[in-house]
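What follows is a set of notes on a single structure, which appears directly below.
The values are calculated or read from the model by the stated rules, or taken from the named source; none is laboratory data. These numbers come from a predicted model, not from an experiment. Note that we place each Cβ from the backbone using ideal geometry, even for glycine, and neighbour counts take in every protein chain shown.
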Amino acid sequence: MKQTIIPLGPYHPLLEEPEHFKLYVEGEKVVDLDVEIGYNHRGIEKLSESKTWDQVPYLVERICGICSTSHPMAYCLAVEDLVGCEIPKRAQLIRVVVCELERIHSHLLWVGLAGHFIGYNTVWMWAWKYRETILEICEKLTGNRNHYAMFKPGGVRRDFNKEQIEFALEKIVDVEKPIRMLTDAILDDPVIHKRLKGIGVLTKREAVNYSALGPTSRGSGVPWDVRYDEPLDGFKDLKWKVIVQKDGDVFSKGVVRLLECFESVSLIKQALLNLPEGGAIDADIKEVPQGEGCGRYEAPRGEVFHYVRSDGSNMPYRHKVRAPTFNNLPTFKASCKGETIADVALITASIDPCYCCTERVAVVDKNNNEKILREKDLVKLSVGKTKNIMKKIGKTPALYNLEI
Amino acid sequence: MSWLIYYIIFPGFIFASIAGLLTVWLDRKVSARVQWREGPPWYQGFADIGKLLYKEVIVPEEAFGSGFIAAPLFGLAAVTLAVTILCVSFFGMSEGFIGDIIVVWYLFAIPSIALIYIGSTSGNPLSSVGVSREIKLMLSYDLPMAIVIVMMALKAGSFSISGIMEWQRINGSNISNWYGIIAFVVAIFCIQAKLGRVPFDLPEAETELGSGILLELSGGVLAAYELSKAIMLFGLPMFLIILFWGKGIIGGVLMYLLIVVLLILIKNTNPRVRIDHAMKYFWGWMSGAAVLAAILAHLGA
Amino acid sequence: MAKKNNQKVMKNLKKKLKKDIIDIVQPRENRIYMRVKPEKAPGIVEYLFSKYKCKLCTASGMDMREGIEIIYHLAKEDENMIINVKTLIPYSKLEIESIGKKIKAFRWIEREINEMLGVKFKGHPDMRRLLLADSFPKGKYPLRKNFKNSDVTDEDYDYERSGI
Amino acid sequence: MDILKKSFKKSIWVFHLSTAACNNCDIEVLELLTPKYDVERFGIKLVGSPRHADALLVCGSVNAHAKPRFLEVYRQTPKPCLVVAFGSCGCSSGIFRDSYSIVGPVDKVLKEEDPDAKIVYIPGCPPKPEAMIEGIVKGLEAV
């Protein structure tokens, strides 16, 4: 059977990070997949060996634009694990607030893009419109829309004052309503059910075998969530639950993300309400003894792992960073096999690879008449599929309009 | 001599491009408004063309040099000729010739052929994919449109524009009866495809093929293509006015605005369709509707 | 509850693997560091991954004076414990059995350690470059201590091989 | 001739290019198109191919893997074109300055290819959307 392989150059007209996938396809069916990354390699681990302990959070924050507070969080936990010191309660709750805020805005970004992939561009515009309010809260609390620079080993750099907390509390309430509306609109939309259910299935055994992380594994019934498995003492007295779905297809991964937004909103409210009065926000570590420590935290896309080893000097001897997408990316081999090209764009979006940097999938034609399939090609294919599903159902849901 | 003046100044190049670029601006403004955005300023069309002329032209080595530059200019000239013939007889300045309705329709087809020529010679794999889609699209929308034109001409008993307009002036414009409305809907979709607008903008899908067929055009050459598209955006609705309305200038302007608004509406309310969908759509539904309209017209409804 | 079952994990780890482990230490309540000989390491890690139901967090390689040390970080979620298996591979014979042969999760991390530190993984299915550019000069390993950031500058990249 | 030059200022077509960036600037670029900061009112449009582009929006410090491709895209854009170095990574490779895989910020890499390329710097990590619009507008004057 003729195998088609489409190479796709790293530079893509719309935007996105340069990631390059090669998909070996027979006709419409996907047979194999090859990934080529490295366009973004900036040698961060080598750089952090030339930074002092306090400078590393600034560097580590710029690994990924949208989970830019999980890396410093995991790094600070690693250093605190190495030093073995206790962090004041108020600092922990401030950390929880900032991390959960980022989880919402990262999930909303994903919801917008997933909507774009199946042709609901209104979902894209709405999700990103409500994401603006979250960014406003972040800017109010931490001073910057994304790279917050709030954490340092031993605690938090800045404190929240009364006025900031009121602003955040009142704004977070009027974010919950639109997310509720968006979730209901998406979850009970017949076309989305037909479109997302049963494709790109990652079985539980495969998820364990690839040690997938975050929503990708929780969507297949594997209840790994670092906030639950290795709870910070800040988390112990907050009430929340891990969201797990069983059937591991794109739909359940989406459901996990959407419901997590609500958990995050309630977490933020609880944390902001019982911030302990006054109290130091920093256990100011004087010097780091020899030894090693691992820290891990639940980023929006999965568990971020940092390993730090020190030889007593004021710079880390070795600093290992592992982003969640590193484990989730190879799961494509399992979940993309046997799917049609039209669905591949959705499957790549389902693991939310660090802001769709891998959404351009290459389908290569063996007898080298290169059929170039770019992202919008895939989007169009998937939109085409949505259209004929709608014909079958004979109803055009309100969400489905406004091609951008 | 008077033909030359018509061609260059009044209904020809200058007038058509101004009207076309204003329509392009109207289209972008309304689409932006629909998405809560504030659209571009009124002179946006002129600024785009001006800027493109200001830029240098890059000709890829594989492309056949002079042909690459001549083709869009050739397309532009053909479109302006078509618009001149249309407007000359619409404003009653001089008698058209027999069969000029067919001539106009195929003059409008020349820019697409020019595009296919550019796309195939530019040696870029992406534009070759765009070329195959453009050819398929042309084939699909020509069939229903041809049926509509022939039907209108037979109804009016003459193949010249002024003849059709004369007939409609006497016994009511075509749009006012059943077959006219069906044919009008078919014609609107065919024009949408001919202009390459969103539901059918397959050949130059922006992020899909990296503006596929237009990938290699740059500078003045691209300006020629954009201008011909703008003039077509002005010319094709005029073509429909003659086919379906026929009488009066004021009525014509109102009809023109109605058609443009319809085109914008279609563009904003549905996502791009896959190429095989488009072909099935045109050959199936559209041709069926055109044949139905023809039967109705024949029965004198 | 956490106190009690952590001793339990330490005890049965000792019981099962006692002869292979050089030493095992538990500095904190949810961390275990275990030092193992390079030939034994793949066997132990596979045992921990499959039978003992641990998940692979990652593996980090370090350039120590006497050789390259690889630490396999495995997390045992239900007892919220991180088990780190450390092996020291001498410079003289820089190779180790690849775990990626059997378990897919290890494939990418082994490719990264190979290109960054030069450790050969015997039997790895597709050992290619993962992160570094193809035009990166051969034979240079960025994460080694003797490699300075300024060693490789713009000129050393020969761009013909970058496949443009 | 200055009519054409003036119209160049009124309609800028932008092609986005990301070289080793942390994709935060990429999101901020997309935010410019959303209803809140709509840039289409200045006639700025995102286009699909470097051939049509007048401004190259480069996010991220250029790493070795991306350098040949970035220069290739620059050669393909018809001159006169504006290169916008986006964010502190674009202006000075930011925090990744002395890493082995970074071969210098946008202007150092570009100077090799074409010494008198017109470059606009928009610092900030990520730059605020207002700063971006102001940067592009300032860039127009320079052309």
State all residues of the stretch B:8-37 that are facing another protein chain (nearest Cβ under 10 Å), in contact with a Pro (Cβ under 9 Å, 6 or more places away or on another chain) and within 15 Å of D:GLY43 (Cβ to Cβ); if no residue qualifies, say none. B:ARG28, B:LYS29, B:ALA32, B:ARG37
Candidate set: the stretch C:77-91, residues that are touching a strand residue (DSSP E or B) at 6+ places or on another chain (Cβ under 8 Å) and in a loop (DSSP other than H, G, I, E, B); chosen: the one nearest to C:MET34 (Cα to Cα): C:GLU77
Kindly check whether there is at least one residue in the stretch A:88-103 that is at pLDDT below 85 and either within 20 Å of the chain's Cα centre (by Cα) or assigned to a loop (DSSP other than H, G, I, E, B) (or both). yes
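Yes or no, residue by residue, for (1) surrounded by fewer than 19 Cβ atoms within 10 Å (Cβ to Cβ); (2) in contact (Cβ under 8 Å) with a residue 12 or more places away in the chain; (3) hydrophobic (A, V, I, L, M, F, W, C); (4) within 14 Å of chain D (Cβ to nearest Cβ):
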{"position": "C:SER98", "(1), (2), (3), (4)": "no, yes, no, no"}
{"position": "C:TRP108", "(1), (2), (3), (4)": "no, yes, yes, no"}
{"position": "C:PRO142", "(1), (2), (3), (4)": "no, yes, no, yes"}
{"position": "C:PHE147", "(1), (2), (3), (4)": "yes, no, yes, yes"}
Options A:SER50, A:SER68; residue that is touching a residue at least 24 places away in the same chain (Cβ under 8 Å) and under 21 Å from A:ALA271 (Cβ atoms): A:SER68
Of all residues in the stretch D:5-30 being among the hydrophobic types (A, V, I, L, M, F, W, C) and more than 20 Å from A:HIS41 (Cβ to Cβ), which is nearest to the other protein chains (Cβ to nearest Cβ)? D:PHE8
Please enumerate the residues belonging to the stretch D:89-126 that are among the basic types (Lys, Arg) and more than 19 Å from D:LEU56 (Cα to Cα). D:ARG97
Suppose the filter is crowded, with 18+ Cβ neighbours inside 10 Å and modelled with pLDDT under 85; does C:LEU74 pass it? no
Go through the stretch A:282-321 and count every residue that is under 19 Å from A:ARG103 (Cα atoms) and either in a loop (DSSP other than H, G, I, E, B) or not assigned by TED's automatic domain parsing to the domain that holds A:GLY154 (or both). 2
Check off (1) modelled with pLDDT of 80 or more; (2) at positive phi for D:ILE122 and give me the number that stays unchecked. (2)
Quick check: is even one residue across the stretch A:213-220 over 17 Å from the mean Cα position of the chain (by Cα) and either outside any loop (DSSP other than H, G, I, E, B) or touching a residue at least 12 places away in the same chain (Cβ under 8 Å) (or both)? no
Just the residues that are touching a residue at least 24 places away in the same chain (Cβ under 8 Å), within 14 Å of chain A (Cβ to nearest Cβ) and of a type in the set (Val, Ile, Thr), please, taken from the stretch D:87-143. D:ILE102, D:VAL103
For the list (1) within 30 Å of A:LEU202 (Cα to Cα); (2) assigned to a loop (DSSP other than H, G, I, E, B), I need the number of the one condition that A:CYS261 fails. (2)
In the set A:TYR148, A:TYR130, the lone residue that is hydroxyl-bearing (Ser, Thr, Tyr), farther than 30 Å from B:VAL34 by Cβ and surrounded by fewer than 24 Cβ atoms within 10 Å (Cβ to Cβ) is A:TYR148
Give the residue that is surrounded by the most Cβ atoms within 10 Å (Cβ to Cβ), with candidates limited to residues of the stretch D:43-76 that are more than 8 Å from every other protein chain (Cβ to nearest Cβ), free of Cβ contacts under 8 Å to residues at least 40 places away in the same chain and more than 23 Å from D:LYS6 (Cβ to Cβ). D:PRO50
Return only the number of the condition from (1) out of contact with any Gly (no Cβ under 7 Å at 6 or more places or on another chain); (2) part of a helix (DSSP H, G or I) that B:MET165 does not satisfy. (1)
If we scan the stretch A:54-66, do we find a residue that is of a type in the set (Ser, Thr, Tyr), at pLDDT 70 or above and under 24 Å from A:PRO215 (Cα atoms)? no
When you scan the stretch A:161-169, do you find a residue that is closer than 21 Å to A:LEU259 by Cα and in a helix (DSSP H, G or I), even just one? yes
Which number in (1) touching a residue at least 24 places away in the same chain (Cβ under 8 Å); (2) closer than 26 Å to A:VAL222 by Cα; (3) surrounded by fewer than 20 Cβ atoms within 10 Å (Cβ to Cβ) marks the one condition that C:LYS51 misses? (1)
Only one residue in D:SER61, D:SER93, D:SER99 is out of contact with any helix residue (DSSP H, G or I) (no Cβ under 8 Å at 6 or more places or on another chain), among the hydroxyl-bearing types (Ser, Thr, Tyr) and under 26 Å from C:PRO137 (Cα atoms). Which one? D:SER93
So, first residue closer than 14 Å to A:ILE63 by Cα in the stretch D:12-34, second residue of a type in the set (Lys, Arg), Cβ within less than 9 Å, six or more apart or across chains; the pairs are D:THR19/D:LYS67; D:THR19/D:ARG69; D:ALA20/A:ARG42; D:CYS22/A:ARG42; D:CYS22/A:ARG62; D:ASN24/A:ARG62; D:ASN24/A:ARG145
So is D:VAL58 touching a Leu at 6+ places or on another chain (Cβ under 9 Å) and within 19 Å of D:MET132 (Cα to Cα) or not? yes
Could you look through the stretch A:59-87, keep only residues that are part of a helix (DSSP H, G or I) and of a type in the set (Ser, Thr, Tyr), and pick out the one that is nearest to A:ASN274 (Cα to Cα)? A:SER70
